[in-house]
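The values are calculated or read from the model by the stated rules, or taken from the named source; none is laboratory data. Predicted model, so just to flag it, every value in this text is computed and none were measured. Cβ placement follows ideal geometry from the backbone for every residue including glycine, while neighbour counts extend to all protein chains displayed. Only protein heavy atoms, including side chains, enter the accessible area calculation; ligands, DNA and RNA are left aside. Shrake-Rupley method; radii C 1.70, N 1.55, O 1.52, S 1.80 Å.
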Amino acid sequence: MTDPNRERYRIRETAFYLFTQQSLPACKPVLTPGWVITIFLFMGLIFIPVGLVTLRASHSVVEIVDRYDIECVPESSRIDKISYIQDDSIPKNCSRFMKVRKYMKAPINIYYQLDNYYQNHRRYVKSRSDKQLLHGRKYHDTSSCQPVELNNGQPIVPCGLIAWSLFNDSFTFIRERAELKVNRKNIAWKSDRDHKFGKNVHPFSFQNGTLIGGGKLYPKIPLSDQEDLIVWMRTSALPSFRKLYGRIEEDLDVDDVIVVNLMNNYNTYSFGGKKKLVLSTSSWLGGKNNFLGHACIIVGCSSLVLAIVFTLLHLKYRR
Amino acid sequence: MAAATSRTRKGKIRWSKLYSFGCLRPSTSEEHPADRVGQLGFTRVIFCNEPYLHRKKPHKYPYNNISTTKYNVLTFLPRALFEQFRRVANFYFLLAAVFSLFSLAPFSRASLIVPLIFVVGISMIKEAIEDWHRFLQDLDVNNRTVKTRMSNGVFVDKPWKELRVGDVVKVNKDEYFPSDLLLLSSSYEDGVCYVETMNLDGETNLKIKRCLEASLCLNDDEEFSGFKATVRCEDPNPNLYTFVGTLEFENESYPLSPSQLLLRDSKLRNTDYIYGVVIFTGHDTKAVRNSTRSPSKRSRIERKMDHIIYILFSILVLVSLVSSIGSSLFLKHDMVDWWYLLLPDGSSLDDDDDLFFNPSKPVKSAVLQFIRALILYGYLIPISLYVSIEVVKVLQKMLIDKDIELYDDVTRKSVQARTSNLNEELGQVEMILSDKTGTLTSNQMEFRKCSIAGISYGGDITEVDLAASTRMNANLEPFEFSMDETNRATRSFELLDFSVSSFSAQNGNARLLKTEEPVIKGFNFRDDWLMNKNWIRGPNLSDITMFFRVMALCHTGIPIEDDNRKTDKLSYEAESPEEVSFLIASQEFGFQFFRRTQSLMVLKEFDPSSMEEVEREYKLLNLLEFSSSRKRMSVIVSNEDGRIFLLCKGADSIIFDRLADNGRTYEQATALHLSSYAEDGLRTLAFAYRELEAAEYERWNTTFTQAKATIGPEREELLEQASQMIEKDLILLGVVAVEDKLQKGVPECIDKLAQAGLKIWLLTGDKRETAVNIGFACSLLRQDMMQFHLSLSREAESNNEVKAMEEDILQQIQCSYKLLCEEGNNEAPYGLIIDGKALEIALRGNIKDEFLQLAVNCASVICCRVSPKQKALITRLVKQYTGRTTLAIGDGANDVGMIQEADIGVGISGMEGMQAVMASDFSLPQFRFLERLLIVHGHWCYQRISKMVLYFVYKNVAFGLTLFYYELYTSFSGEVLYNDWYMTMFNVMLTSLPVVALGVLEQDVSSDICLQFPALYQQGPRNVHFSWSRIIGWILNGVVTSLVIFLANIYILSPTALQRNGFVTDMNSLGAITYTCVIWTVNCQIAIITSHFTWIQHLSIWGSILLWYIFLLVYGALPPDLSGNAFQVLIGVIGPAPLYWMITMVVVVVSLLPYFVHITIQRSFYPMDDHVIQEMEKCLKKDDVRDNEMWVREQRNSQRSTSIGFSARVEAKVLSFSQQMQQKKLSIYRSVTNSPIYRSITRTPFS
């Protein structure tokens, strides 16, 4: 057994030797009943408090939702909403009343919410040109913008379906006859404003075609400052989504009644979409959503139950 | 294969012919082969010494370079690519990549093509490296040099590859022949040379080649100046033992035979040099033509893996169908109303040709959507599975090769996994089919005992005794009783004494330590009376001398002069190792056989009367060959006085039948010795002689010569009859016993394998007695075993009627099976011993099933006298009939068929040639390494690969399905949630390393424990880790995980704000967050599976997760042109949101929870063997594990109730003893307990 070869190997007790002999130092966690119970207990103890904290954050958010797409169509036109919305001659203004049920601390985010609107449709999502948005008309290859690419041979800036279908309802808010100031700046991600939409790119030939989709843009303002567009062009992931419209930077008190004067321009009637106006405060966790809190608590509780069950079973069937 | 074996046999016959005056004999073939020269198949013409004539047609033959590579520079790319895309999965990805060129794919081109190139590239690099190694080997061979005669008459070194047909070469001693040569002359005057053909047929003995007398004169460099000759011969063919041709030399034509042909890959031995002319070069040589690529084997897991891939493909097709149908329904009913899509309406023929969403052509759109979906959900198919498995297997192979425990100090060789794709199959073996000679035994015959003139000499112990005595030590008490009951008390005590001494000095080494004098290989005999020439003072002097003469003369061996020998001792080469051991023994006894020519044998004899060594010449008159039917061989020699003797050796039964009345003096005593030798497992031969009158001899010789001269099928019969006439009225001299040495550690290894639940069949070409002896020696058989002997009855055999033979065998099988069923198969084990002829019948159509049914139910099966072809046939039938994984292990050319046929072929890279090793999948230096290879490495690799494949399936299902769920929310429009490059990174970088680490380093239990609990091995054959329920379970786990990840994300994130600033999640951030959850989950999942964490696992798992964040950072930091929608997604969008990090935590925990609960329940309430052992190991770490009662108990329990192996033997003996025990007196018991052995046993309990 004391062959020189073997000796030589033995001397080379380097990491590589241990590796080749598959005897690297290792920890071998084994799920003994003790560990199982500890893990479940630990999970319960972590998740229940986390869930409670999350729920609390969610409950601290005050949210007012008002669906206005039907109410804002005059009774007479409700049978044929599509022709109503497509008729430019009819004024589309409409007033809504929102009652504040709970004190809302500024800033209060104003969202419009669209349901059954497939902003994530592949044809829709692809129909844009990021390079054009950044470089303007200098960038010529806008084939990705089909079918809203050219207008009478002139390139459209911004091109593509997304921009073309820009949401164009507008809202003004009045509390006790005084107009509430709505801040419409900083509603888009900073990275988008700074790097994805050109500072020198101005809309060109936009909504000039035979088919007019949604909203128009200010021709004199560069795209990077047209935050409505930037928000709209961040396509939503799901067919029901909210987008930030602006922020009210005043606190709202309980029982305040807010009058919303809105222009009901956007056509969701063709495809049965809903339009909602949402006023919401936010917590450190964002908006109002109980799902996470509930999930945490359920997981935590079931972990605790499992821990107890395992303890009992372990006591009963001791190995 | 069959051809190879018949060749082997033929080769032997031809060789012996040399000694039996083969040149006097006419050829046995029906027509004169030389006549066929020039006809179809025999058209080759070689102009000796004029190689330049072979440069142009029609005599242009290839150069002598060979190439074993699969590819060359030009063909590599197309052929290797073709190999790669033959795999379904790879082909699928190729199609996907092609579609991506036509904007059909939902991803960018690069993200489809890059992983494909990566995966295929790695596989191809592996192929290229393997081929490169082959190329280097070839280069090495091709650049060997040989002395070649140049046109100026000088012999210079020339590389092999430049050799041409017609070149005259000079090959020196111990050099390999560069190509097939025609022997012209040698350093010996008679033009013979000795050739070692180990590389061709695995036979270690030397063969003699002989040149034509016409070319004898060409034995010097100068002689070749005017040499011109033409050879006409057969075309290149793979038959090693045939050669037909003529040599036209000096206007005469001489027929050529195989004995003038020197084959490539054989070696010149014992001859200083030879001259030869090149006949076949390179790929025309018989050796190259004869080499077959071993069939590529695939493991069970891999075959099952294909089915899994098919399942995944079906899932893929299913979800794609759902997608495309859903898409077209949406298109028809809803999408037309979605004005914001500006869908082309069928009426206007504008340039908008979005074929995917064309309401006027919904069917076409649906088809296109289907294709797109097939590509989109491609992540269900693990693209990197094959390549990962290949990488893992290569690493596993490396670890197996490097294992120091599998290194043999003696041969300085290690275990080699020659193919890496069967590693995991090692863990599923259920049946081992083993060769005997060279595998279990070391093919070393040792001269152990002899009985001369009725007196037995050489009392030493044999290996079998050793095995027996260690067993008896372990179980002393029944042995004591057997002492009581039988009256062989003295023998038993001898055993006992030996056992004690051997116990102090570990088994096999005992003898080495005991003997101070140098050990002579093949001679293990100690007897002062014979060794120190004391016998000359004793009686029966003439008989003893005669006995030694028989030993020294009656053989076919040749002496070999060793250059660096210090003594005047010679070593020998002969047809069988037995003969070698006889020659060595006779040399030790003072009868050195030291020269042989065609007709002369010269001995240095010790002359008892003068007490001097004298040289005596014996004229070899006739040699009557050994054959299996004759079971004897004789030589007829005349000594210097002109007296003619017939010296005969053969099987005892044959010899005893042929004794003269006055030759039976020692019969009784000898028979007694014979039986005792046989009991020791020794191989015995009886020696006899007879003096012939000159007249009688002459008379007989004419008949014999006549018989020899006969041409035709009756020749053999005539020869046999002639031999019968003279081999009679013999005078018995004595018997010799040689030992077939078991290899080191064989019984222990078999024992462990048996405990692991493996069945071991012994397939040997040896006769039944030897096979049974070895069966006993390595505990395949034991005394209390019921033995079924299947053989043809004599009458059935003599009638030679197939029908009768079949009936006979069938009846035997049915009888045995009935017995087996009646007894109930658990109580007493059964052994089945069947011989070749019976086997041939038993493996025929209708009896086959019944035979296999019986055989499979027996604890051990020994097949003796089987031909190599039968070995292969048995292997195939067992494989087919039982469906079990078989492993065939062997060392010689005769095992090649079996090795290639079995699921795993193992070659012993020991003494004999490379044939078996070349055909094998694994090569071991010794049989005993099989234990560790199977029980440790096999178990590990099986576990690793199955875990790995299952995890692969899991991770791809978990990820791929999230893509599908998202489609439900996008009206099946084919939009993808994730950035293309995230997805590309998934299989390539972010999840690949942990799997590889798992596949290479995972250990459920350490190697020590594997060996201590051989029963753990049963997990493999039962396939617990890769059963369908497991596979489905893992797929379901993937489904659950994907559901949890996806639903939790969309419900938590939508539609409300993500952060305090009120921003909401959009598609990009949802994608990044969901993807983060996927990465965390699949990596944590593998952390849960892993039970053995070294720093490598930690690094790869946690590193992969970290890598995702790094990737996201780096990718997001690129300008938006490059990063697209991932631009600054981590630092700008999701990173600052606490919700992101919370979601990650919650989703990971929840998605892993179902699996976690499952394993905790399984471990706590339905633990598997490895779980129990792991837990015990953990619990008992602090105490000394082995002493712990629980440990020992579990270890006992885990040892399957085996019926073979010596633990089983011990168990059985303990059982029988405890019954007897009650009847015996206490006094005996006390005497036993006081014995030193008993004490030593109680100190070291057998484990």
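Structure data summary
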item	result
For the range B:858-889 versus the range A:29-54, the gap between their alpha-carbon centres in whole angstrom	55
Stretch gain in nm, segment B:Ser151-B:Leu74, where the contour uses 0.36 nm per residue and the Cα spacing is subtracted	24.2 nm
From phi via Karplus (6.51, -1.76, 1.60), per-residue ³J(HN,Hα) for the range A:29-38 in Hz, x at Gly/Pro	x, 10, 7, 6, x, x, 5, 4, 4, 4
Virtual spin-label span in nm between B:Arg643 and B:Arg616, 7 Å along Cα→Cβ	0.8
Inter-probe distance in nm under a simple model that places probes 7 Å from Cα toward Cβ, at B:Lys728 and A:Tyr218	13.2
Solvent-accessible surface ranking, highest first, for B:His939, B:His789 at 1.4 angstrom	B:His789, B:His939
Rounded accessible area of B:Phe972 (nearest 10 Å², 1.4 Å probe)	20
Cβ-based net charge around A:Glu250, under 13 Å, with every Lys or Arg adding one and every Asp or Glu removing one	-2
Amide H within-cut-off set for A:Ser129, under 5 Å, with H built and near neighbours excluded	A:Cys159
Exposure ranking of B:Glu696, B:Glu83 by accessible area [1.4 Å probe, largest first]	B:Glu83, B:Glu696
Number of partner chain Cβ atoms within 10 Å, mean per residue of A:155-168	1
Solvent-accessible heavy-atom area per residue, rounded to whole Å², over chain A at 1.4 Å	48
Area of B:Glu806 that stays accessible when all protein chains are in place (1.4 Å probe, Å², to 10)	40
Alpha carbon centroid spacing (whole Å) that separates the range B:77-149 from the range B:1005-1044	33
In sequence order, calculated HN-Hα J values of the range B:859-870 (Karplus, 6.51, -1.76, 1.60; Hz; x Gly/Pro)	5, 9, 10, 10, 10, 10, 6, 9, 7, x, 5, 5
Under 19 Å from B:Lys56, Cα to Cα: lysines that are on another chain or at least 8 residues apart	B:Lys161, B:Lys228
Net charge contributed by nearby residues that have their C-beta within less than 15 Å of B:His937 (K/R +1, D/E -1)	-2
Listed peptides A:84-94, B:606-616, B:1045-1055, B:1161-1171 by packing density, highest first (mean Cβ within 10 Å)	B:1045-1055, B:1161-1171, A:84-94, B:606-616
Estimated FRET transfer efficiency (B:Val988, B:Lys1178; beta-carbon r; R0 56 Å; 0.05)	0.95
Charged-residue dipole, Cβ positions (Lys, Arg, Asp, Glu), the range B:999-1147 about Cα centre, Debye nearest 20	220
For chain A, size of Cβ-based charge dipole, Lys and Arg +1, Asp and Glu -1, in debye	1100
Spacing of the two label points (7 Å from each Cα toward its C-beta) at B:Asp607 and B:Ser1029, in nm	8.6
Protein-only accessible surface order, largest first, of B:His1025, B:His1158 at 1.4 Å	B:His1158, B:His1025
Cα-centre dipole for the range A:62-206 with unit charges at Cβ (Lys and Arg positive, Asp and Glu negative), debye to 20	720
Length added when fully stretched, B:Asp661-B:Gln814, from 0.36 nm per residue minus Cα-Cα	50.6 nm
Cα gyration tensor, chain A - rounded (a/c under 1.5), prolate or oblate	oblate
Pairwise FRET efficiency - B:Trp529 versus A:Trp35, Cβ, R0 = 60 Å, nearest 0.05	0.25
C-alpha center-to-center spacing [the range B:251-317, the range A:166-207] in angstrom	79
Protection-proxy order for peptides B:740-747, B:529-536, each taking the mean of Cβ atoms within 10 Å per residue, highest first	B:740-747, B:529-536
Kirkwood Rh, Cα atoms: Rg over Rh of the range B:969-1019	1.38
Solvent-accessible area buried by pairing B with A, both sides, nearest 100 square angstrom, 1.4 angstrom probe	8400
Unpartnered cysteines - no second Cys beta carbon under 4.7 Å - across chain A	A:Cys27, A:Cys296, A:Cys301
Computed lengthening from B:Asn251 to B:Arg1022, 0.36 nm per intervening residue step minus Cα-Cα distance	270.3 nm
Ordering of A:96-102, B:214-220, B:1069-1075 by packing [mean C-beta count within 10 Å, highest first]	B:1069-1075, B:214-220, A:96-102
Number of partner chain Cβ atoms within 10 Å, mean per residue of A:236-248	5
Zone residues, the range B:1091-1114, relative to A:Asp194, backbone N less than 18 Å from point 7 Å out along Cα-to-Cβ	B:1113-1114
Nonlocal amide H pairs with B:Asp729, under 5 Å, H built at 1.01 Å	B:Ala660
Per-residue average of Cβ from other chains inside 10 Å of A:277-288	5
Alpha-carbon Rg with Dmax, taken over the range A:1-159, Å	33.6, 105
